[in-house]
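Undergrad: Sending over a structure as structure tokens; questions will come in a sec.
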Amino acid sequence: MEFQNYIGGKWVKGRGGKTFDAINPANEEVIAQIHAADVADVEAAVQAATDAFESWRLTPAPLRGELLFKIGDLLKQKKEELARLLTQDMGKVIAEARGDVQEAIDMAYFMGGEGRRLLGYTAPVEMPNKFGMAVRDPSGVAGIITPWNFPIAVPSWKIFPALVAGNTIIWKPSPETPAISAAFVKVFEEAGLPAGVFNLLLAPGADVGKALVDHPGVRVLSFTGSTATGRAIAEAAGRLNKKVSLEMGGKNAIIVLDDAHLELVTDATLWAAFGTTGQRCTAASRLIVQKGIAPKLKEALLARTRKLTLGNGLDPNVEVGPVINKTALERIHNFVQIGQKEGARALVGASVADVNGKGFFYTPTLFDGVRPGSTLEAEEIFGPVLSIIEVNTLEEAIQVNNRSKYGLSTSIFTQDVNRAFTAMRDIFTGLVYINHGTTGAEIQFPFGGVRGTGNGHREAGQAALELFTEWKSIYVDYSGKLQRAQIDNREE
Ligand code: NAD
């Protein structure tokens, strides 16, 4: 297979003439050759998006929405084909790859419906014979920069709201998942999206992303990825006065109180901690457990973790796929070694796994005796490593949870409605789950985090439209005379 960049409605090789490989992390095979974009291609892509903006902005929103419905239909038809390529490009098991594509289908239909809403509002005004309304304008040319862990779902949270609101796009996906990214864009082309409305740049390294961030023609940036990269982007974008949304790292926790349903917690914890090999932004990496239930829960988790089947995600019996690459494997193992040096005890795992001598596999790992404030407890590991922290009370559990420098997702297991509501009130993360693990957000609700995870924006739901639209307040005075607001209607 071979994939190219998509600029102004044409598939093009990068101007630098370089290529790079898309590698399957399950067996290290090259699945596709990718033509790399370089900085000069950014210029061409911004030009194409700028040229397309005027007519896309003026295309009635319901018609833009209809195109999104068509894209949703095509994604539905191609779900299996895309899911299989996604698993090969990124490694997640096939059932989860289907879920990744499903999220894009759901988002296409949800945002397609926004084509007939994109609600503004009217409100009464102070003066007679005057009318006021607030409407949404598109933000302009949007730069979209995404990570590899949800190669279709995460971009779709950005691309569909941007398109329905009338923005044009340059998308720079992660170089770890170029093949599935190009296959996704082909669906938009097939649906008949006008040339230049959606452009794709495939590139290794940071240069192309940086050039996109720095380009004055790109007015709005939507980024998902690590906190370090997000901060660098925010600094550069701030200097240029750009609108920028950041979704970054996480250190999510499951809180388990003594009255929790043991079997349910065990199922949910395994799924939240080791699903997607722990490489979800919402993956549970801390288990904050009340002391009474801790021994039984550890025993149950240990037994089940040992039985997890590792392997190539295309095999439907495999439960845990590889991590994304060798660097990630080494980074995860390094964290594990630091944890051991700091006194935590690995109950299971803590080693690189050998699956037919190929690929990047890590054994699902449970750490006991993890101290609040230690490296394992504080840092995002982004791999299959779960740290168990014991606490005495709900209040202590919430304190440990809220002390994290990240704030994406927290869940709590309890059968006591009073404690559940206290937790809902006092947990400070963007997502809170009651009697469910930390993963599983649905696209109709706002998604995002606080503290080191976000910068105040939200994706998904109608909240996603805030980034991709600018409010315009319009006043119509039909009195035929000068009426001075805040002056002429005041007697005193
Ligand atoms: P990353 O920050 O390394 O890369 C993300 C994207 O930014 C990639 O496309 C990359 O090429 C690009 N990039 C890198 N340097 C850049 C620069 N200086 N300027 C512009 N672009 C640049 O992240 P990753 O390793 O791909 O993804 C993993 C991270 O993503 C984890 O920290 C995870 O928590 C986070 N994530 C967060 C969410 C969320 O919604 N909060 C969702 C998924 C993943």
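The values are calculated or read from the model by the stated rules, or taken from the named source; none is laboratory data. Quick caveat: nothing in here was measured; it's all calculated off a predicted structure. Please note: Cβ atoms are built from the backbone with ideal geometry, for glycine as well, and neighbour counts cover all protein chains shown.
Undergrad: For the range 13-34, state whether one or more residues are in contact with a Lys or Arg (Cβ under 6 Å, 6 or more places away or on another chain), under 30 Å from residue 330 (Cα atoms) and small (Gly, Ala, Ser).
TA: No, the range 13-34 has no match at all.
Undergrad: Can you pull out every residue in the range 441-451 that is assigned to a loop (DSSP other than H, G, I, E, B) and buried (at least 20 other Cβ atoms within 10 Å of the Cβ)?
TA: 441, 443, 448, 449
Undergrad: Determine which member of the set 347, 376 is outside the structural domain of residue 174 (by TED's automatic domain parsing), touching a strand residue (DSSP E or B) at 6+ places or on another chain (Cβ under 6 Å) and in a strand (DSSP E or B).
TA: 347
Undergrad: Right, next: Across the range 143-173, what is the total count of residues that are of a type in the set (Gly, Ala, Ser) and more than 14 Å from the ligand (Cβ to nearest atom)?
TA: Summing the residues that are of a type in the set (Gly, Ala, Ser) and more than 14 Å from the ligand (Cβ to nearest atom) in the range 143-173 gives 3.
Undergrad: For the range 260-277, give me each residue that is within 16 Å of the ligand (Cβ to nearest atom) and either under 15 Å from residue 410 (Cα atoms) or without any contact (Cβ under 8 Å) to a residue 40 or more places away in the chain (or both).
TA: Matches in the range 260-277: 272, 273.
Undergrad: Kindly provide the set of residues from the range 384-431 that are farther than 29 Å from residue 331 by Cβ and outside any helix (DSSP H, G or I), ordered by number.
TA: Hits for the range 384-431 are 392, 393, 412, 413, 414, 415, 416.
Undergrad: Pairs under 7 Å by beta carbon, first residue aromatic (Phe, Trp, Tyr) in the range 42-71, partner loosely packed, with under 15 Cβ neighbours inside 10 Å and at pLDDT 95 or above, six or more apart or different chains?
TA: These pairs meet every condition: 56/194.
Undergrad: Taking the range 214-227 only, how many residues are closer than 30 Å to residue 424 by Cα and surrounded by 16 or more Cβ atoms within 10 Å (Cβ to Cβ)?
TA: The total comes to 5.
Undergrad: Among 257, 246, 287, which is the only one that is near the ligand (Cβ under 10 Å from one of its atoms) and either on the phi > 0 side of the Ramachandran plot or buried (at least 19 other Cβ atoms within 10 Å of the Cβ) (or both)?
TA: 246
Undergrad: Ok, one more. Applying the selection to the range 1-15, what residues are without any contact (Cβ under 8 Å) to a residue 24 or more places away in the chain and closer than 13 Å to residue 196 by Cα?
TA: Matches in the range 1-15: 11 only.
Undergrad: Same structure, new question: How many residues does the range 289-312 contain that are out of contact with any strand residue (DSSP E or B) (no Cβ under 9 Å at 6 or more places or on another chain) and farther than 15 Å from residue 267 by Cα?
TA: Adding up the residues that qualify gives 3.
Undergrad: Using the structure shown, decide if residue 172 is buried (at least 21 other Cβ atoms within 10 Å of the Cβ), touching a Ser or Thr at 6+ places or on another chain (Cβ under 6 Å) and of a type in the set (D, E, K, R).
TA: Against the criterion (buried (at least 21 other Cβ atoms within 10 Å of the Cβ), touching a Ser or Thr at 6+ places or on another chain (Cβ under 6 Å) and of a type in the set (D, E, K, R)), residue 172 does not qualify.
Undergrad: Still on this model: Just to be sure, is residue 230 within 19 Å of residue 383 (Cβ to Cβ) and buried (at least 16 other Cβ atoms within 10 Å of the Cβ)?
TA: No, not satisfied.
Undergrad: Suppose we keep only residues that are free of Cβ contacts under 8 Å to residues at least 40 places away in the same chain and among the basic types (Lys, Arg) within the range 319-347. Which one would you say is surrounded by the fewest Cβ atoms within 10 Å (Cβ to Cβ)?
TA: Looking at the filtered set, the residue picked out is 341.
Undergrad: While we're looking at this one, here's another question. Inspect all residues belonging to the range 208-224 and state whether any of them is under 18 Å from residue 103 (Cα atoms), of a type in the set (Val, Ile, Thr) and modelled with pLDDT of 95 or more.
TA: For the range 208-224, residues under 18 Å from residue 103 (Cα atoms), of a type in the set (Val, Ile, Thr) and modelled with pLDDT of 95 or more: present.
Undergrad: Filter the range 32-67 for residues that are outside any helix (DSSP H, G or I), closer than 22 Å to residue 18 by Cα and not acidic (Asp, Glu) and give the result.
TA: Hits for the range 32-67 are 32, 33, 34, 35, 36, 37.
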